[in-house]
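Here is the structure we will look at.
The values are calculated or read from the model by the stated rules, or taken from the named source; none is laboratory data. If you're wondering where the values come from, they're calculated on a predicted model, not measured in any experiment. Methodologically, a virtual Cβ is constructed for each residue, glycine included, from the backbone with ideal geometry; neighbour enumeration extends over all protein chains shown.
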């Protein structure tokens, strides 16, 4: 019978080798392990020992040719081990790197030595699927079978209505279904899923492939990936411009010039909320919107008096540290145009009612996209109110040029130590990032502790002013 | 002993791995490269019982493991093994020490001690399992009192020392032996192991096969003194022996084991040998070492040397040679058959030896994976051997 020897991976992860020379000719009788060729890999020149005893039938590759791992390089005529089993039909021999060509030792237990069991490209192959009409493509490229297997999707029957597939997302399916689609040449983006949550099932793909033969031809044309979104596109491209571009540049500049350090402090703000409730009822604050942000802003302004280094600027050009004797308090705002940080000029001079009004106005103006350019520059310190998104803490990136930014977390009702017992209290987390060139850990910590102390007990202000 | 037959191959050339400094080139030698038995006042005692018949069986073992090595290398070239670390040139070091061990001693080796594994009676199919990529470990360590090969350089020395401390606690007179190379002596693990072994006077033998090359790094770059002298810094007595001399290796190992059994603590043996092949089948040593060096060491070949001694004694008959060759061929043929007929590992096998007791977290993963495999719509094929092919 005829045996093929396929080029093995000769050195831990090689994909090809060059045949330098053949040590045998067609018609030669060779013994097991007799050197038949010299091969050069990316790592070494090695000799190939014959895996069979037999007669050389064909040398598939010429010296000098670079051969992919898994390609047949030589065929042998070897004696039948059981003396009687007929050779497989010659048609099967040219069937390419399918499973049928190389006899497995299981079928021939007496065989001493056989060709490398390398299917297709020499990559680990997946077993065939059991739906009959589908033939495994024989020309599977290495990259296909090496594609990492994506974590299987948990197929718990979640009770959701099928939702519309968003254009930018890859259609939801499972790895075997994606493989099936690939095998059938079906673009999953064109298949509508009937499974839970729009999941594309095996049946969906098969149905599409089944009666899709006529419609598949025009569908096979590649979709032009231009701007805009419509279902079926696997990615959406948006030009980088405007606020996004500015924001990106500012973030990169800030993150990679100012060494950031971030500290966190979780405080019981129940007394602050009680104070806010009282203030709302007072005449002086009639019609004024009061929120935890209002008190936090005031606390920052008070704490800055004792910790001025957080209200400073690193002037690289003049090699000076500028400490501001005023505070332009920036508030990060999510606007339709993107992130902006408008600031309240001389916020430290504002009494609480005016500060509260300024905060409200600033937010409304920003949301309307009408912030004046002047309000966007000249900030000296910022607050980002991530709590409105229900977030507790994070690492805020400094508004470029500023020394500190305070992240205000969401107010949560939590079991907390209160007067020696556990009680349900209103708690939030403060996240302070500062420019470590300007602010040492001590100053940053004292500042954060001061802000926390005020929010935990507003009466503490009396000890600070 | 003659000074021109030391371990310093091609010491004049810059490519040589020979060690220029240190305490001198002397080492224990009982058989010269020409095959002449030379007597030694102290160490003859340790091999006094080695009969002619045993010399012949040492010759057979060394020939067989060289044959195993050749066959495994061929299997790698034929795509049957992913990798193989050849031991060519180190047969005397492995057989001389491996044949000195008792059944209740325990071996902690590197990946190159396939000859030692042969001495321990390893199933040859098991020997190849890991190199074929079929298993993470080839055998039950307790079945032959030898741990599966350690790939991490030098880590096995810690395991051996810990095991030896366990022997102490048991009050047994067994010993642990750990095999490592010259490069491993630069590893923290090996140094820590020696500290503990010395502190606890653990019954462990540190068997360092100095094959002169840590892949492409010559030993002279690693140490300015003889490797054996490193051990004395830890308070561990050491011996430097001709690693291509099976009797010298045997004498040294027996002495070290005897010391360990008597509560004398650890011993460090530097067996000076040479890796005549590549580091592994994925390595090309001609890129970094001088061909002259290989030639020098070929002249000190351990099997040729023992054959020379047998010839002088009139033992190297055609019958013996034929008998040894037949044995070697049979072993190689068995191993090849075991390799090529080895069933492929099954997808679910990966979960088998993670924990010794049930683990819910792992079972959950196992369940997920089983369902994932089942989602291919071929539940039978997912676990059958045919399906995995």
> Looking only at segment A:45-71, which residues are away from chain B (no Cβ under 12 Å), under 42 Å from the mean Cα position of the chain (by Cα) and in a strand (DSSP E or B)?
Replying inline: A:66, A:67, A:68
> For segment B:357-374, what are the residues that are surrounded by 13 or more Cβ atoms within 10 Å (Cβ to Cβ) and not in a helix (DSSP H, G or I)?
Replying inline: B:359
> Does segment B:350-359 include one or more residues that are more than 11 Å from chain A (Cβ to nearest Cβ), over 27 Å from residue B:126 (Cα atoms) and at pLDDT below 95?
Replying inline: yes
> Name the residues in segment A:5-19 that are more than 23 Å from residue A:77 (Cα to Cα), in contact with a strand residue (DSSP E or B) (Cβ under 6 Å, 6 or more places away or on another chain) and more than 7 Å from chain B (Cβ to nearest Cβ), would you?
Replying inline: A:16, A:17, A:18
> Do we find a residue being modelled with pLDDT of 75 or more, under 19 Å from residue B:377 (Cβ atoms) and assigned to a loop (DSSP other than H, G, I, E, B) anywhere in segment A:227-240?
Replying inline: no
> If you go through segment A:180-189, how many residues are surrounded by fewer than 18 Cβ atoms within 10 Å (Cβ to Cβ) and within 11 Å of another protein chain (Cβ to nearest Cβ)?
Replying inline: 0
> Tally time: how many residues in segment A:300-315 are part of a helix (DSSP H, G or I), crowded, with 16+ Cβ neighbours inside 10 Å and touching a strand residue (DSSP E or B) at 6+ places or on another chain (Cβ under 9 Å)?
Replying inline: 5
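Quick grid of which residues meet (1) more than 23 Å from residue B:309 (Cβ to Cβ); (2) in contact (Cβ under 8 Å) with a residue 60 or more places away in the chain; (3) touching a strand residue (DSSP E or B) at 6+ places or on another chain (Cβ under 9 Å):
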| position | (1), (2), (3) |
| --- | --- |
| B:48 | no, no, no |
| B:57 | no, no, no |
| B:66 | no, yes, no |
| B:74 | yes, no, yes |
| B:77 | yes, yes, yes |
>> Any residue that is within 17 Å of the chain's Cα centre (by Cα), touching a residue at least 12 places away in the same chain (Cβ under 8 Å) and under 22 Å from residue A:32 (Cβ atoms) - is there at least one of those in segment B:132-148?
In response: no
> Yes or no: residue B:93 without any contact (Cβ under 8 Å) to a residue 40 or more places away in the chain and either buried (at least 22 other Cβ atoms within 10 Å of the Cβ) or on the phi > 0 side of the Ramachandran plot (or both)?
Replying inline: no
> Just checking, how many residues over segment A:320-370 are more than 20 Å from residue A:291 (Cα to Cα) and part of a strand (DSSP E or B)?
Replying inline: 7
> What are the residues in segment A:274-289 that are touching a helix residue (DSSP H, G or I) at 6+ places or on another chain (Cβ under 7 Å) and either part of a strand (DSSP E or B) or under 23 Å from residue A:448 (Cβ atoms) (or both), if any?
Replying inline: A:275, A:276
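Report whether or not residue A:412 is more than 33 Å from the chain's Cα centre (by Cα) and more than 25 Å from residue A:246 (Cβ to Cβ).
So residue A:412 does not fit the description; no.
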